[in-house]
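Worksheet: the structure to be examined is printed underneath.
Where a number appears in this text, it was derived from the coordinates with a stated rule and is not lab data. Computed from a predicted model, the values in this text were never measured in an experiment. We place every Cβ from the backbone using ideal geometry, glycine too, and count neighbours over all the protein chains shown.
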Amino acid sequence: MMDKNYFISQLKELSQNLGMGLSEEILEKVIAFSRFRVFSKGEIIAREGDPVSVAGIVLSGVVRSYYVDKDGNDITQWFSAEGNWCADSGMLGFDEMKANWEAIEDATVMIFDVKQMKELIMSDERLKNLWIEVLESGMRYKVYRENGFLIENATERYLSFRKRYPGLSDRVPLRYIATYLGITPESLSRIRSAMKEKTTE
């Protein structure tokens, strides 16, 4: 059975891998107002319109955020793998969840209280600086993604996806990557085939 010490060691390893270097004391405080849940592949973690009193960090596996447009199409917005936020609308100041979140692999998620996490962040200078970095990174992502749809072709958007999410192209179903890129799965298959041909020439 997984216990507190296991989660502290897992979070410590994640923080080191991400260059955050959070102390064990901080991690223990986070764990005190968090719970841990394993979501099966295909299971919904949060739905658009849900309350935003909690958010999550992916400890293992891959999850995605998506919305359903007016024509009923499922559109992927974001992928989160180990060490990334998920179901985080409350952390960004929204009153309700702004997207659906689904596990696309079996995923262990640390679910924490948003209010307590924000209070902890504001009480520690290092955490405040890290939070500013997270917010800036999110803004850069938004700019890059919008620019990608304006000035990049489909192949360039796929290359940008691979750069942003290294290793996920082999873990995520093609249909989800395709909707993230704004193309059909057939177009994505052609792009991937063309790229393989070039590397073998």
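Potential lengthening of the chain between S169 and R35 amounts to 45.3 nm, from the contour at 0.36 nm per residue minus the alpha-carbon distance.
Using Cβ point charges alone (K and R +1, D and E -1), the dipole size of the stretch 56-152 about the Cα centre works out to roughly 260 debye.
Compared with the dominant principal axis of the Cα atoms in the chain, helix 4-17 is inclined by about 50°. Under the shape rule built on the C-alpha gyration tensor, where the axes satisfy a ≥ b ≥ c, the chain is prolate, since a/c reaches at least 1.5 and a/b is greater than b/c. Here the relative contact order of the chain, from alpha carbon pairs under 8 Å that lie six or more residues apart, stands at 20 percent. Look at L188, L127, L150, L159 and count the other Cβ atoms within 10 Å of each Cβ; fewest to most, that gives L150, L159, L127, L188. Taking Cα atoms only, the orientation of helix 154-164 departs from the longest principal axis of the chain by about 20 degrees.
Name the shape class, rounded, prolate or oblate, that the alpha-carbon gyration tensor gives for the stretch 52-128, where a ≥ b ≥ c are the square roots of its eigenvalues, rounded holds for a/c under 1.5, and otherwise prolate holds if a/b is larger than b/c and oblate otherwise. Oblate.
Going through the cross-link list K128/K163; K98/K163; K163/K196; K41/K142; K98/K118, which pairs have a Cα-Cα distance over 24 Å in this structure? List each step's numbers first, then the result.
Values: K128/K163 27 Å; K98/K163 26 Å; K163/K196 17 Å; K41/K142 27 Å; K98/K118 19 Å.
Violating the 24 Å Cα-Cα cut-off are K128/K163; K98/K163; K41/K142.
Kindly provide the helix-only [θ] at 222 nm of the chain, computed as the sum of -39,500 (n - 2.57) over DSSP H runs of four or more divided by all residues, to the nearest 500 deg cm²/dmol?
Result for the chain: -15000 deg cm²/dmol, rounded to the nearest 500.
Of the residues L159, I191, I177, the one whose Cα sits farthest towards the positive end of the charge dipole of the chain is I191 (charges of +1 on Lys and Arg Cβ, -1 on Asp and Glu Cβ, taken about the Cα centre). The angle between the Cα long axis of helix 185-200 and the main principal axis of the chain comes to about 80°, on a 0 to 90 degree scale. Charged side chains reduced to their Cβ positions (Lys and Arg at +1, Asp and Glu at -1) give the chain a dipole of some 420 debye around its Cα centre.
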